[in-house]
1. Please tell me if THR75 is touching a residue at least 40 places away in the same chain (Cβ under 8 Å), touching a Gly at 6+ places or on another chain (Cβ under 9 Å), over 29 Å from GLU140 (Cα atoms) and of a type in the set (Ser, Thr, Tyr).
2. From the set of residues in segment 1-23 that are assigned to a loop (DSSP other than H, G, I, E, B), out of contact with any Lys or Arg (no Cβ under 8 Å at 6 or more places or on another chain) and of a type outside the set (A, V, I, L, M, F, W, C), which is nearest to CYS136 (Cα to Cα)?
3. Can you name the condition, by its number, that VAL30 falls short on among (1) surrounded by 14 or more Cβ atoms within 10 Å (Cβ to Cβ); (2) touching a residue at least 40 places away in the same chain (Cβ under 8 Å)?
4. Is it the case that segment 94-103 has a residue that's assigned to a helix (DSSP H, G or I), touching a Leu at 6+ places or on another chain (Cβ under 7 Å) and touching a residue at least 24 places away in the same chain (Cβ under 8 Å)?
5. Could you check segment 132-229 for strands (runs of 3 or more DSSP E) lying wholly inside it with 3 or more residues that are under 18 Å from the mean Cα position of the chain (by Cα) and touching a residue at least 60 places away in the same chain (Cβ under 8 Å)?
6. Does ALA301 qualify as being crowded, with 21+ Cβ neighbours inside 10 Å and on the phi < 0 side of the Ramachandran plot?
7. If you scan segment 107-119, which residues turn out to be over 13 Å from TRP196 (Cα atoms) and hydrophobic (A, V, I, L, M, F, W, C)?
Amino acid sequence: MLPLPTFEYAAPTTVLEASRLLGTPGSRLVAGGTDLLVSMKHRLFEPRLLVSTRRLGLRGVSVADGVLSVGAGTTLREVARHPTVLEHLPSLAAACRTVATPTIQGMATLGGNLMLDTRCLYYNQPAGWRASLGYCLKREGTVCHVAPKGRGCYAAHSADTVPALWLLGAEAEFVSVRGVRRIPVSSMYHDDGMAWLRLEPDDVLTAVHVPLAGRAVGHRKLRTRQAIDYALVLVAVRAPVDGGLWSAVVSSVSPSPIFVEAATPADLAEAAFRACQPLSTHLPAATWRKKMVRVEVARAAAALTSA
């Protein structure tokens, strides 16, 4: 069993207090801990202070003025089972249900999924395994083993709920000592596996707001097994309204989600195929994963047209 590193723990009672603590170098926010604590055991993160959200009152689902608001600390299970989500946002419910196992869904939070670290075959390993390769560019090393001649980190964005939330027009609400701001989920991510979030260190995600009157969105997740595994390809597709364009967001193939549009489902699948260039961040061949982008986009679009 891998031990956790030594750290201090704080459970503030206000979001502003949490933000001030996060402004301290070496601090990290923890909610469900289903990803962060594993990463800490692998020595991918060694924070001096963990700031818990458990006493901040960030849990719950409400509806007002046609918008569903979900507290960032609400578990994926609670989101997936909520009647309003099931009726109006089935793609979000489906995305929550594909995360790991039911047990983890009962601990992991929606906010934690939006903030999820990027993943890579060479990065998400115990320290001893990584040491045998000389570590990697994202953690302790100087070379990205995925693209040794490249200049950056290509760890893949793999958060299950993000493609669906992106196409549903969701906004994330953040609070810090500077005030409150809302950011479209579509604007949250950098194309950089090391610095994947467009946020300040002391930003606290407090809620996710999703319009209920959005267009129909479909969700697809390709993985090695139908439980536990992170996605090899993650897809959301949105149907057009009044002659508009089909849209897709593809994730798990690059450091940030990829957005494409086209006039028809067939064109959308081809546009996604051309836009996505998976690298060897996963064990299955990148060439096969690229071909499956076309397949999964087509499947998601077909499900919407037959609904």
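1. On the way: touching a residue at least 40 places away in the same chain (Cβ under 8 Å): yes; touching a Gly at 6+ places or on another chain (Cβ under 9 Å): yes; over 29 Å from GLU140 (Cα atoms): yes; of a type in the set (Ser, Thr, Tyr): yes.
Against the criterion (touching a residue at least 40 places away in the same chain (Cβ under 8 Å), touching a Gly at 6+ places or on another chain (Cβ under 9 Å), over 29 Å from GLU140 (Cα atoms) and of a type in the set (Ser, Thr, Tyr)), THR75 qualifies.
2. Checked segment 1-23; the qualifying residue nearest to CYS136 (Cα to Cα) is THR6.
3. Condition (2) is where VAL30 drops out.
4. Looking only at segment 94-103, we keep the residues that are assigned to a helix (DSSP H, G or I), and these are 94-97, 102-103.
Still in the list and also touching a Leu at 6+ places or on another chain (Cβ under 7 Å): 96.
After this cut, where a residue has to be touching a residue at least 24 places away in the same chain (Cβ under 8 Å) as well, the list is 96.
Scanning segment 94-103, I find at least one residue that is assigned to a helix (DSSP H, G or I), touching a Leu at 6+ places or on another chain (Cβ under 7 Å) and touching a residue at least 24 places away in the same chain (Cβ under 8 Å), so the answer is yes.
5. Details: elements: 171-176, 179-184, 204-211, 217-222.
Strands (runs of 3 or more DSSP E) meeting the threshold: 204-211, 217-222.
6. Numbers: crowded, with 21+ Cβ neighbours inside 10 Å: yes; on the phi < 0 side of the Ramachandran plot: yes.
So ALA301 fits the description; yes.
7. MET107, ALA108, LEU110
Quick note: the coordinates plus some simple rules give every number you see, no bench work behind them. Only a predicted model underlies this, so the values are computations on that prediction, with no experimental measurement involved. Virtual Cβ from ideal backbone geometry, glycine too; neighbours counted across all protein chains shown.
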